[in-house]
Amino acid sequence: MKFVMNGALIIGTMDGANVEIAEEIGEENMFIFGARLNEVDNIRNRVRSGRIGICNELREVFDVIRSGRFGNYGEFASVIDPLASNNDFYLVCFDFALFLEA
């Protein structure tokens, strides 16, 4: 559930509560990024096969985390390693560049 007051910005993917909010306020009043439902299966297949890689900006984020700048990398490895290995069910890597554009 999301609570939005007048003037608040909504930046997100078109899923969950954002679908319902868009129906009420209009998608043109939101900053939507990422894949749409009808695109997800195709994108997941392309990610798993390596045809869609990780954008440079996210690769830099991963590198900084791996360097230990934010603490013991081992605490983050279970999140980052699968993403970096094309095991990205939720399309985090795919959506990251689109999020930066939004």
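Of the numbered conditions (1) in a loop (DSSP other than H, G, I, E, B); (2) aromatic (Phe, Trp, Tyr); (3) closer than 19 Å to Phe89 by Cβ, Phe70 fails exactly one; give the number of that condition.
Single failed check for Phe70: (3).
Residues Leu37, Leu83: which one is more than 18 Å from Gly12 (Cβ to Cβ) and within 17 Å of the chain's Cα centre (by Cα)?
Step by step, each of Leu37, Leu83 is checked, and only Leu83 is more than 18 Å from Gly12 (Cβ to Cβ) and within 17 Å of the chain's Cα centre (by Cα).
Among the residues of the stretch 15-31, is any part of a strand (DSSP E or B), out of contact with any Gly (no Cβ under 7 Å at 6 or more places or on another chain) and at negative phi?
yes
What tally of residues in the stretch 13-44 results from selecting those that are open to solvent by 70 Å² or more (accessible area, probe 1.4 Å) and of a type in the set (A, V, I, L, M)?
Of the residues in the stretch 13-44, 2 are open to solvent by 70 Å² or more (accessible area, probe 1.4 Å) and of a type in the set (A, V, I, L, M).
Just to be sure I understand the filter: pairs with C-beta atoms under 6 Å, separated by 6 or more residues or on different chains, first member in the stretch 19-43 and touching a residue at least 60 places away in the same chain (Cβ under 8 Å), second member open to solvent by 30 Å² or more (accessible area, probe 1.4 Å) and among the aliphatic types (A, V, I, L, M). Which pairs pass?
That search, which allows pairs on different chains as well, returns Phe31/Ile11; Phe31/Ala102; Ile32/Met14; Phe33/Leu98; Phe33/Ala102; Gly34/Leu98.
Could you pull out the residue among Val64, Val47 that is assigned to a helix (DSSP H, G or I), over 30 Å from Val19 (Cβ atoms) and open to solvent by less than 70 Å² (accessible area, probe 1.4 Å)?
Val64
Which residue, of Phe76, Phe96, is surrounded by 15 or more Cβ atoms within 10 Å (Cβ to Cβ), closer than 30 Å to Asn6 by Cα and modelled with pLDDT of 90 or more?
Among Phe76, Phe96, only Phe96 is surrounded by 15 or more Cβ atoms within 10 Å (Cβ to Cβ), closer than 30 Å to Asn6 by Cα and modelled with pLDDT of 90 or more.
The values are calculated or read from the model by the stated rules, or taken from the named source; none is laboratory data. Given the structure is predicted, the values throughout are model-derived calculations rather than measurements. All Cβ positions, glycine included, derive from the backbone under ideal geometry; neighbour counts span all protein chains shown. Just so you know, the surface numbers come from the protein's heavy atoms only, side chains and all, with ligands and any DNA or RNA stripped out. Shrake-Rupley method; radii C 1.70, N 1.55, O 1.52, S 1.80 Å.
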